Amino acid sequence: MDIASLTFRIARTGLHRYEEPCISGENGSGTVFFSGCDMRCPFCQNAEISHGGKGVNVNGEELLSLLLRLEEEGAENLNLVTPYPWAKRLIPVLKVFKTRSELPVVWNGNGAEDVASLRGLEGVVDVWLTDLKYSDGALAVEYGAPRDYPERARVALKEMRRQAPEDVFDKRGMMKKGVIVRHLVLPGAAENTAGVMRMIADVDPSLFVSVMAQYFPTPAVKEHPLLSRRITREEYDAAVDAFFAAGLKNGFSQDPESATEDYVPGFATSIQEIKTLLRR
């Protein structure tokens, strides 16, 4: 396939140092933020690109050149952020990338990808960095996800684990193959979090789980009173307790002080940088 005929919309490329330690490493993860998302989470910290569509259009050859540039800049891996809407188009680009690079490819998704799409990615994705947002279908609907999100996420996680049955690290502790499941702790949703931890353990209690404390209210949450505040220390501690109660063994924790907008990339500046690179 002529990848130059494929089109994508991206909002940022660059080295990102705020992922889990085994993803960011010393040099940073080579992130590509794709525009658009199939979920409408009101608390999305990247709403200007996931909901608003901010970004720049590139073709497959241009995207490939940006991916290879990240490697030249010293990226620890290639980290595709919210790539699911572009999955079928990404496969041929990633196949070419794999012939030119030994960097692990990280699929940084929302957890609700359909299994057929995931199977199409077998052999081009090395690390699955996936969300598991909801165990409660009613809460999923309230916050912009399909009611069957819990089941879809469970089935997707099983498929990711099938493709990466072992978590493989190099001597520096960088993940080369495997699965990391992220869960963003939400205010007033302790039972949802406990259910998520049980779901993960049911798939594989050895899975690495990242318990995330970085929630902060965005303007879009005004219709959801429970989301109008940051989580408390007690809520985060309860989430960690739920991790252990579920029998999970491996994970990452996050200081609740990380709930700040400082970690949200500046997409407007990044888009201009991408345009500059493409004109060279």
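Assorted remarks:
- Condition check for residue 264: under 21 Å from the mean Cα position of the chain (by Cα), among the β-branched types (Val, Ile, Thr) and modelled with pLDDT of 90 or more: no
- Taken over segment 156-166, the criterion of being in contact with a Phe, Trp or Tyr (Cβ under 9 Å, 6 or more places away or on another chain) and either in a loop (DSSP other than H, G, I, E, B) or open to solvent by 80 Å² or more (accessible area, probe 1.4 Å) (or both) is satisfied by 164 alone.
- The residue that is farthest from residue 221 (Cα to Cα), among those in segment 30-40 that are open to solvent by 10 Å² or more (accessible area, probe 1.4 Å) and of a type in the set (A, V, I, L, M, F, W, C), is 33.
- Number of residues in segment 202-230 that are closer than 23 Å to residue 129 by Cα, open to solvent by less than 30 Å² (accessible area, probe 1.4 Å) and in contact with a Phe, Trp or Tyr (Cβ under 9 Å, 6 or more places away or on another chain) equals 7.
- Positions within segment 167-185 being over 18 Å from residue 205 (Cβ atoms) and surrounded by fewer than 22 Cβ atoms within 10 Å (Cβ to Cβ), in sequence order: 168, 169, 170, 171, 172, 173, 174, 176, 177
- Segments classed as strands (runs of 3 or more DSSP E), wholly inside segment 45-155, with at least 1 members that are open to solvent by 30 Å² or more (accessible area, probe 1.4 Å) and over 30 Å from residue 186 (Cβ atoms): 56-59
- Test set (1) in a helix (DSSP H, G or I); (2) of a type in the set (Ser, Thr, Tyr); (3) touching a residue at least 60 places away in the same chain (Cβ under 8 Å) - residue 210 fails condition number: (1)
- Meets criteria (open to solvent by 30 Å² or more (accessible area, probe 1.4 Å) and either touching a residue at least 12 places away in the same chain (Cβ under 8 Å) or closer than 14 Å to residue 270 by Cβ (or both)) for residue 11: no
- For residue 34, the requirement of being under 20 Å from residue 127 (Cα atoms), without any contact (Cβ under 8 Å) to a residue 60 or more places away in the chain and within 18 Å of the chain's Cα centre (by Cα) is met.
- Every condition in (1) modelled with pLDDT of 75 or more; (2) open to solvent by 20 Å² or more (accessible area, probe 1.4 Å) is met by residue 243 except one, and the failing one is (2).
- Condition check for residue 177: within 16 Å of the chain's Cα centre (by Cα) and part of a loop (DSSP other than H, G, I, E, B): no
The values are calculated or read from the model by the stated rules, or taken from the named source; none is laboratory data. Here the structure is a predicted model, which is why all the values come from computation and not from measurement. Here the Cβ is made from the backbone with ideal geometry for all residues, glycine too, and neighbour counts use every protein chain on show. Note: accessible area is taken over every heavy atom of the protein model, side chains too, but ligands, DNA and RNA are not part of it. Shrake-Rupley method; radii C 1.70, N 1.55, O 1.52, S 1.80 Å.
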